[in-house]
Every structure is written in structure tokens, then in C-alpha cells.
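Trainee: Dropping a structure here in C-alpha cells format, bear with me for questions.
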Amino acid sequence: MQGLVRAGLANNKLQWEEVKKSNLGLDVAVLDERLQFSIDIFSNKTDKLITYEPVPTASGFDFAVTNSGALKTTGIELTASLRIINKKNFNWDAGFNIGKYNSLVTRLPASNIITSFAGANYITQVGSAPNEFYGHKTNGVYVSDAVAAAEGLSIKRADGSLVAFKGGDVRFIDLNNDKVIDDNDRAGLGSPNPKYYGAFYNKVNYKRFSINAFFNFTVGNKIFNYTRAQLEGMSNAYNQTDAVLNRWKTNGDATNMPKATWGDPMGNSRFSNRWIESGSYLRLRALTFSYDIPFKTGFLKYATVYATGNNLITITDYKGFDPEFSATESIFGKGIDNTLEPQFRSVQLGFKVGL
């Protein structure tokens, strides 16, 4: 048999988004320019935001691409640098920058729009930031069958029958109090956007020696650890981490790791706050030592030997390899660590000359 399937709805009125930007900045230098700082305050208003607008099921499509949304982003950035010590043979410079931004959806064609990527769900709704994580909230693991029966929660099969949770199952929170754990019990689980971001540095010169340390950081962003969800879900034949050795095995076991069940019929490994982690970190991005070799000849203007270490230290509570990553250029992959390779640590030795 042969047939024709349309891949999407055409929209000949689709156009570029319109963005109105305003920016207020202040640059100041004092103390013979030893202290310099700048402040930038910005506001961006996006109209005719390109949106995946839900369409009636009878159309045969899930969505149509339209210009039916609007978004407002406001933020502030502060940068400062200071020469702390200014001597003939000893200089010390320090500086930092820090920024914060908030994005709010101001118009949508529906009450909310839910999208998915790599097993994670995002929700976009008016009055909130776009693409916040959206899933189930949990409260540990049922210690026994009796505790689970006392709470009386179930899941509903496709045929409408109910299956009760038992000991060793994840204790999901019934947000709408209907005793059934389903999509109606999902809630916001945090945003992949940081509350603050920035960097700071220190540079010290002593005679011909110098050391320069550069750090960067983010605070308040959330990460979906897809890799851990696969390696601790215990629902298939994948290798698992050592954490599953502490799983629930019999009535009375008190643990946060649920029982191992082939196929995961109760949805214990579904997208929930079990897999959402803090993405905040502080990283020593680069550390450089250098020495200027003295020359008496006029052939060389300067010669410097140096050693640079990159990505040397990272302080974070994230359980994955690296809290700083980009799964995709798409906004739908933001904050998802889907088995990405971590940034490598490196050390460089070099020799630089000027003729």
C-alpha cells in the first residue's frame, strides 16, 4: 500500500520575531584609573515569539509553528577591576564580573506548553521563565507494603484498572489528592537558567615573575542528570552504578533507592526530582605561571617561558562528570546532561619570543 503523510502544517504568515532592546550603562574610572567599574542594565521585549502552538487533535498534528508568544528579559551586569598594589617591582591586579537575568513569558496561545527532550519535560507558561523542568516530586521510598497500603496511592493502566504501590516503590507526591499518580501530579522542578553567573581573576607580578588565576561560576541553575537516570533506573539490562547496591530488597529496608523491577511497571524511574541536581559550580578555569627572561642583545625584544593549567579544580555538588556543558544549541536541550563527555584537564608548557 502507498500513502502520503504530511510532516507539518504550513504557515505562510510566519515571520521574524520582533525584539525591542533598551540598555543603560555606566563606566567609571577613578584613582588614576586604578579602580574601574561598569554597570549595564538591559531589558529586551520579544514580540511575535515563534511558538509551537498546540492544535486540535482532529487535525492530525501536535502543533503548528506560529508567532503567537511574547517574552520579556531583564538583567544587570557588573564589572570591576582594581590595581591593589602598584609598586615598581610588585603589582597586584584583581577583578570580577557578575550578572543576573530574568526571563518571563508574557503571552502564549495556550495556558501552558509542555515539550520534551531526552526523557525530560519542560513547561512554558505565562508569568514564569520559559522551559522550566516539569515532572513528579518524590518523598523517598516506601519502607514496606503496609506503609504503601496505608497511603493508598495507585497508578492507572491503559485499560483503566488501578495498581497499588508497594514496598520498595518510589513515594510520589499526590498533588491533586485523587489517590492516582499520573501526569496531573506534575509540578515545576526548577530552571536550567542560573540565578547568577560570573567570573573573577587575580594577577600578581613580582619582578620578572607573574601568576594569573581565572575562575568562573554559576549559582542556582538545575541540571537533569539523564546519565544517572539510566545508570540507577534498574529497569533494563544496562550497567548500573554502585549506588543501586543500597536498593530496597525486603520489607523494613529504609533507603532512598527503590527496588529493582524489570520494565519498571510502576514508573519508579520516571522523570522526577530524583534526577534533578544543582548545577552551581566554582571552577579554576586557568592558572598561568610565567617568567620573563632577561636579554642584553637587541635582536630579541622579550622572551617568556610559561606554564598554564586549564580546568584544574571544580567545586560542585553535581554528581555527574561536569556541571558545565551544552547538550545542544536548541533551547530544549538546555540543562540536560545526556551522557556528555566532560571537559578535559590540560597543562601547557610554552616559550614565547618577540623579535
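The values are calculated or read from the model by the stated rules, or taken from the named source; none is laboratory data. It should be emphasised that the depicted structure is a prediction, and the values quoted were computed from it without experimental measurement. In this analysis, Cβ positions are derived from the backbone assuming ideal geometry, glycine residues included, and neighbour counts consider all displayed protein chains. Quick note on the areas: whole protein, heavy atoms, side chains included, nothing else; ligands and nucleic acids left out. Shrake-Rupley method; radii C 1.70, N 1.55, O 1.52, S 1.80 Å.
Trainee: Being modelled with pLDDT of 95 or more, open to solvent by 50 Å² or more (accessible area, probe 1.4 Å) and either over 29 Å from Phe200 (Cβ atoms) or in a loop (DSSP other than H, G, I, E, B) (or both) is true for just one of Val143, Val163. Which residue is that?
Mentor: Val143
Trainee: Restricting to the range 64-84, name every residue that is buried (at least 17 other Cβ atoms within 10 Å of the Cβ) and not acidic (Asp, Glu).
Mentor: Listed by number, the residues that qualify are Ala64, Thr66, Asn67, Gly69, Ala70, Leu71, Thr73, Thr79, Ser81, Arg83.
Trainee: Within the range 84-128, considering only strands (runs of 3 or more DSSP E) that don't extend past its boundaries, which have at least 3 residues that are within 30 Å of Tyr201 (Cα to Cα)?
Mentor: Strands (runs of 3 or more DSSP E) meeting the threshold: 90-107.
Trainee: Next up: Check whether at least one residue in the range 61-84 is without any contact (Cβ under 8 Å) to a residue 12 or more places away in the chain, out of contact with any Gly (no Cβ under 8 Å at 6 or more places or on another chain), among the hydroxyl-bearing types (Ser, Thr, Tyr) and more than 26 Å from Pro194 (Cα to Cα), and report yes or no.
Mentor: Looking for residues that are without any contact (Cβ under 8 Å) to a residue 12 or more places away in the chain, out of contact with any Gly (no Cβ under 8 Å at 6 or more places or on another chain), among the hydroxyl-bearing types (Ser, Thr, Tyr) and more than 26 Å from Pro194 (Cα to Cα), one finds none in the range 61-84, hence no.
Trainee: Residues that are open to solvent by 30 Å² or more (accessible area, probe 1.4 Å), in contact (Cβ under 8 Å) with a residue 24 or more places away in the chain and hydroxyl-bearing (Ser, Thr, Tyr): list the strands (runs of 3 or more DSSP E) wholly contained in the range 271-355 that include at least 3 such residues.
Mentor: Result: 302-316.
Trainee: Take the conditions touching a residue at least 40 places away in the same chain (Cβ under 8 Å) and surrounded by fewer than 13 Cβ atoms within 10 Å (Cβ to Cβ) and apply them to Ala213. Does it pass?
Mentor: So Ala213 fails the test.
Trainee: While we're looking at this one, here's another question. Condition first: of a type in the set (Lys, Arg) and either closer than 30 Å to Glu132 by Cβ or out of contact with any Leu (no Cβ under 8 Å at 6 or more places or on another chain) (or both). Can you find one or more residues in the range 266-278 that meet it?
Mentor: Scanning the range 266-278, I find at least one residue that is of a type in the set (Lys, Arg) and either closer than 30 Å to Glu132 by Cβ or out of contact with any Leu (no Cβ under 8 Å at 6 or more places or on another chain) (or both), so the answer is yes.
Trainee: If I ask for residues that are over 30 Å from Glu324 (Cα atoms), open to solvent by 70 Å² or more (accessible area, probe 1.4 Å) and assigned to a strand (DSSP E or B), which ones from the range 172-209 would you list?
Mentor: Tyr206, Phe209 - these are the residues of the range 172-209 that are over 30 Å from Glu324 (Cα atoms), open to solvent by 70 Å² or more (accessible area, probe 1.4 Å) and assigned to a strand (DSSP E or B).
Trainee: Could you tell me whether any residue of the range 240-261 is in a loop (DSSP other than H, G, I, E, B) and in contact with a Leu (Cβ under 9 Å, 6 or more places away or on another chain)?
Mentor: Yes, because at least one residue in the range 240-261 is in a loop (DSSP other than H, G, I, E, B) and in contact with a Leu (Cβ under 9 Å, 6 or more places away or on another chain).
Trainee: So which residues in the range 147-160 are open to solvent by 40 Å² or more (accessible area, probe 1.4 Å), aliphatic (A, V, I, L, M) and assigned to a helix (DSSP H, G or I)?
Mentor: Hits for the range 147-160 are Val147, Ala149, Ala150.
Trainee: Could I ask something else about it? Check His136 against each of (1) within 27 Å of the chain's Cα centre (by Cα); (2) under 30 Å from Asn251 (Cα atoms); (3) open to solvent by 60 Å² or more (accessible area, probe 1.4 Å) and name the one condition it does not meet.
Mentor: Here His136 clears every test but (3).
Trainee: Also, I was wondering about something else. Only residues that are under 22 Å from Arg228 (Cα atoms) and among the acidic types (Asp, Glu): list them for the range 273-293, please.
Mentor: Once the filter is applied, which keeps residues that are under 22 Å from Arg228 (Cα atoms) and among the acidic types (Asp, Glu), the range 273-293 yields only Glu277.
Trainee: Okay, moving on. So which residues in the range 21-60 are open to solvent by 60 Å² or more (accessible area, probe 1.4 Å), assigned to a loop (DSSP other than H, G, I, E, B) and not charged (D, E, K, R), if there are any at all?
Mentor: If the condition is that a residue be open to solvent by 60 Å² or more (accessible area, probe 1.4 Å), assigned to a loop (DSSP other than H, G, I, E, B) and not charged (D, E, K, R), then Leu31, Pro56, Gly60 are the ones that fit.
Trainee: Kindly evaluate Leu9 against the criterion of being hydrophobic (A, V, I, L, M, F, W, C), surrounded by 10 or more Cβ atoms within 10 Å (Cβ to Cβ) and part of a loop (DSSP other than H, G, I, E, B).
Mentor: Considered against the rule, which asks whether it is hydrophobic (A, V, I, L, M, F, W, C), surrounded by 10 or more Cβ atoms within 10 Å (Cβ to Cβ) and part of a loop (DSSP other than H, G, I, E, B), Leu9 comes out as yes.
Trainee: Restricting the search to the range 85-95, which residues are open to solvent by less than 70 Å² (accessible area, probe 1.4 Å) and within 20 Å of Val28 (Cβ to Cβ)?
Mentor: Across the range 85-95, the qualifying residues are Asp93, Ala94, Gly95.
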